[in-house]
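The values are calculated or read from the model by the stated rules, or taken from the named source; none is laboratory data. Bear in mind the structure is a predicted one, so any value in this text is a computation, not a measurement. Quick reminder, even Gly has a Cβ in these numbers, built from the backbone with ideal geometry, and neighbours come from all protein chains shown. What goes into the accessible areas is simple: the full protein's heavy atoms, side chains included, and nothing from ligands, DNA or RNA. Shrake-Rupley method; radii C 1.70, N 1.55, O 1.52, S 1.80 Å.
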Amino acid sequence: MIGKRICLIGLALSVLAGCQSAPSQQDLQLADVTSMEKVNNYDGLISYYKAELAQGSEDPEVKEKLAWAYFHKGDIESADFYVQHLQKEGIENPNLYQLEGQVFDAKNDVESAIAAYVTSIESGNTTGQIHVLLGVSYTKVGRFDEAYQELNRARLRGYDDVVVKNNIAMIQMANGEYQQAIETLAPVLKEDPANKIVKANLAIALMKTQQIDSAKKLLKGDFSAEEIQSIAAELTQLGVNDEAS
């Protein structure tokens, strides 16, 4: 009886195995795309999406993904070309408006970036990232109250605290509130001591409050002694100019 049951189980397993099919070519291609996205292989993604277009694809999604790949690679001109092409084709969606804003920002057209980010939000973009991007742009044009509001909205959407607090500190420094910036960044660096961006910004705030030795100690290991001395001299001079103006 037991032997019979074993045979039946074996037969069932063989039937199941026979029903399994090899992954399709499309499945393999999607797996390749996912792998390239994970390792930021933008050259590979660009080649893949361009091959799709070369085969006659008119899919707007392919063109948009190609535009994003170009943007992340740093080829702003190509990203801009595809964004404009899609818009001329009447394509409108929150992600495309966000990309348009990021392209404008990369071209230092901050006001146009703000308009694109706002349109992205109005079109349904609910991510924390869009509010961080808008907050950063508001900071660049001195609209600090609006920048704070956007960063707080990003926090309410669960966005990375390190990114949000670093940008809040940028607003504080832009307002000349260097001690507040120190108080904002010091706990962040304690939680993430390897974060070079936070470390550099905290060092700037320390230097601007004449805490030069603390700043040098903080930067030691990431910059040479000559570079630290040069940064300190430049920022100290900037501090004198700020007070005189």
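Any idea which residue in region 30-72 is most open to solvent (accessible area, probe 1.4 Å), counting only those that are basic (Lys, Arg) and over 13 Å from Leu99 (Cβ atoms)?
First, pick out the residues of region 30-72 that are basic (Lys, Arg): 38, 50, 63, 65.
Those still in the list that are over 13 Å from Leu99 (Cβ atoms) too: 38, 50.
On the way: Lys38: 164, Lys50: 101 Å².
Applying the filter and picking the extreme gives Lys38.
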Filtering region 181-228 down to residues that are under 20 Å from the mean Cα position of the chain (by Cα) and either touching a residue at least 24 places away in the same chain (Cβ under 8 Å) or open to solvent by less than 40 Å² (accessible area, probe 1.4 Å) (or both) yields Leu185, Val188, Leu189, Asp192, Asn195, Lys196, Ile197, Val198, Lys199, Ala200, Asn201
Expected output for region 95-117 (first residue under 12 Å from Val141 (Cβ atoms), partner assigned to a helix (DSSP H, G or I) and open to solvent by 30 Å² or more (accessible area, probe 1.4 Å), Cβ below 6 Å, 6+ apart or cross-chain) is Val110/Lys140; Ser112/Phe104; Ala113/Phe104; Ala113/Asp105
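Restricting attention to region 188-201, does a residue exist that is basic (Lys, Arg) and closer than 20 Å to Gly128 by Cβ?
no
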Filtering region 153-177 for residues that are touching a residue at least 12 places away in the same chain (Cβ under 8 Å) and either in contact with an Asp or Glu (Cβ under 8 Å, 6 or more places away or on another chain) or farther than 12 Å from Thr127 by Cα (or both) leaves a count of 17
Picked from region 28-60 (must be of a type in the set (D, E, K, R) and within 22 Å of the chain's Cα centre (by Cα)), the residue modelled with the lowest pLDDT is Glu37
Apart from one, (1) open to solvent by less than 70 Å² (accessible area, probe 1.4 Å); (2) within 15 Å of the chain's Cα centre (by Cα) all hold for Gly176; the odd one out is (2)
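Answer yes or no as to whether Lys216 is part of a helix (DSSP H, G or I), modelled with pLDDT under 95 and among the basic types (Lys, Arg). Reasoning before the result, please.
Details: part of a helix (DSSP H, G or I): yes; modelled with pLDDT under 95: yes; among the basic types (Lys, Arg): yes.
The answer is yes for Lys216.
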Given the conditions (1) open to solvent by less than 50 Å² (accessible area, probe 1.4 Å); (2) out of contact with any Pro (no Cβ under 8 Å at 6 or more places or on another chain); (3) in a helix (DSSP H, G or I), every one holds for Glu111 apart from (1)
